[in-house]
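Please read the structure below before turning to the comments.
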Amino acid sequence: MSLSVDTSVGRTRLGVIFGGRSSEHGVSCLTAREVLAAIDVDRYDIRPIGITRDGAWVEETAQWGELEPGTLPSVREDMPPFAWEGLHELDAVFPLLHGPWGEDGTVQGLLEMADVRYVGAGVLASAVSMDKPFTKTVFSAAGLPQIPYVTIRPWEWKQDRERVEARIRALGLPVFVKPARAGSSSGVMMVDTWDALDVAVTRARDFDPKVIVESAARGKRELECAVMQGLDGKPVASVVGEITVAEESSHEFYDFEAKYLDGTSLNVVPADISVTLSERIQTYAVQAFEAVGCEGLARVDFFHTDDGLVINEINTLPGFTPFSMFPLLWEASGVSYPELVERLIQLALQRDTGLR
């Protein structure tokens, strides 16, 4: 089904959804504040829509004032309620939700049911990309190189722990234990002694009953590449960037605090790598984008290890905060922040609703 967008009577009506029930609520709010400031108010009638941590939809303003260092904003529960029927009044929606209940296809499904255009990946691509084990299955089928991993399904840790632990031990130390469907390194722990495994799995299960354990890549460098569709639908890769954590930092890896709270992470754009490696990463990034059936935008993460290049994951709604790699990569590729936001909105407006 295709619905026409009638903007002859005024500005394009754009909803911006942020907040949500995931552990990345505050990051989503920070992203929304930056995106809302970049949207051209002469072209768009903007309607900010917040989702509280408890899942209530409200008419937020995204005006939080100056934040204390080390803190993130939050959707306020005392704001006027937003009626879902109001979605039908919008020409398009820019969902800025990170993690489960927003980035995983749930909100995308709601918008599909309402025949509302939106920025970013559809239901299937969002769901597959949010679930790391399923992402790895798709990447494997596409021939993309990966590090060894083990999936712990919810029932296995209680009923078949001995077999699961044997599979994990075969990975060798150290390993990373992660929630299967979370982002921003929430709930991630590095395990370098086997007696710490239970604590790490328990922590990961606080975020998601399904857990993934990955072999820790030796000598790894964390490299990232952004992908965005052109108006012709063809995905294009940005320059490659590298993420490092300051040497004086106490962080063992690029965790939540290093990303958003204490400023100890460093974004190097473009990365100091060979042209050959950069082009290979860009090729893999586009292949990953197409393998999951992504639309609009994505950030694809890689490790360059002692054993070579491996793909880590794909993020279908990457952050747009001042610390986020996605807009920095495009800025280095010649696309400014406001231009990036505008391109993504135009991509949403031009595509059909319904099956694509």
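The values are calculated or read from the model by the stated rules, or taken from the named source; none is laboratory data. All of these numbers come straight from a predicted model, not from anything done at the bench. All Cβ positions, even for glycine, are placed from backbone atoms using ideal geometry, and neighbour counts span all protein chains on display.
Observations on the model:
- Selected residue (only one of Leu72, Leu30 is touching a residue at least 24 places away in the same chain (Cβ under 8 Å) and in contact with a Cys (Cβ under 9 Å, 6 or more places away or on another chain)): Leu72
- Residue that is modelled with the lowest pLDDT [pool: residues in the stretch 317-336 that are within 22 Å of Tyr118 (Cα to Cα) and among the polar types (S, T, N, Q)]: Thr321
- Test: residue in the stretch 303-312 that is acidic (Asp, Glu) and in contact with a Lys or Arg (Cβ under 8 Å, 6 or more places away or on another chain): yes
Residues checked against (1) among the acidic types (Asp, Glu); (2) in a helix (DSSP H, G or I); (3) within 23 Å of Ile17 (Cβ to Cβ):
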residue: Gly293; (1), (2), (3): no, no, yes
residue: Val300; (1), (2), (3): no, no, no
residue: Ile314; (1), (2), (3): no, no, yes
residue: Pro322; (1), (2), (3): no, no, yes
residue: Leu328; (1), (2), (3): no, yes, no
residue: Arg343; (1), (2), (3): no, yes, yes
residue: Gln346; (1), (2), (3): no, yes, yes
residue: Thr353; (1), (2), (3): no, no, yes
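- Screening Val335 with (1) over 22 Å from Ser265 (Cβ atoms); (2) hydrophobic (A, V, I, L, M, F, W, C); (3) part of a helix (DSSP H, G or I) gives one miss only, at (3).
- Contacts under 7 angstrom Cβ, first residue in the stretch 204-221 being modelled with pLDDT of 95 or more, partner of a type in the set (D, E, K, R) and assigned to a loop (DSSP other than H, G, I, E, B), 6 or more apart: Lys210/Arg153; Lys210/Arg181
- Complete set of residues in the stretch 105-118 that are crowded, with 24+ Cβ neighbours inside 10 Å and touching a residue at least 60 places away in the same chain (Cβ under 8 Å): Tyr118
- Candidates Lys210, Lys220: the one that is under 30 Å from Gly334 (Cα atoms) and of a type in the set (Lys, Arg) is Lys220.
- Residue check for Leu97: under 14 Å from the mean Cα position of the chain (by Cα), surrounded by 21 or more Cβ atoms within 10 Å (Cβ to Cβ) and in the same structural domain as Trp57 (by TED's automatic domain parsing): yes
- Looking only at residues of the stretch 179-212 that are part of a strand (DSSP E or B) and in contact with a Ser or Thr (Cβ under 8 Å, 6 or more places away or on another chain), we find that the one that is nearest to Gly102 (Cα to Cα) is Pro179.
- Single match in Arg43, Arg76, Arg33, Arg47 (criterion: under 28 Å from Asp206 (Cα atoms) and either acidic (Asp, Glu) or not assigned by TED's automatic domain parsing to the domain that holds Phe323 (or both)): Arg76
- Of Ala226, Ala258, all but one fail to be at pLDDT 95 or above and closer than 23 Å to Pro322 by Cβ; the exception is Ala226.
- In the set Thr151, Thr137, only one residue is surrounded by fewer than 21 Cβ atoms within 10 Å (Cβ to Cβ), assigned to a helix (DSSP H, G or I) and at pLDDT 95 or above; that residue is Thr137.
- Any hit, the stretch 166-185, residues being of a type in the set (S, T, N, Q), outside the structural domain of Gly26 (by TED's automatic domain parsing) and under 24 Å from the mean Cα position of the chain (by Cα): yes
- Conditions (1) in contact with an Asp or Glu (Cβ under 6 Å, 6 or more places away or on another chain); (2) surrounded by 15 or more Cβ atoms within 10 Å (Cβ to Cβ): number failed by Val128: (1)
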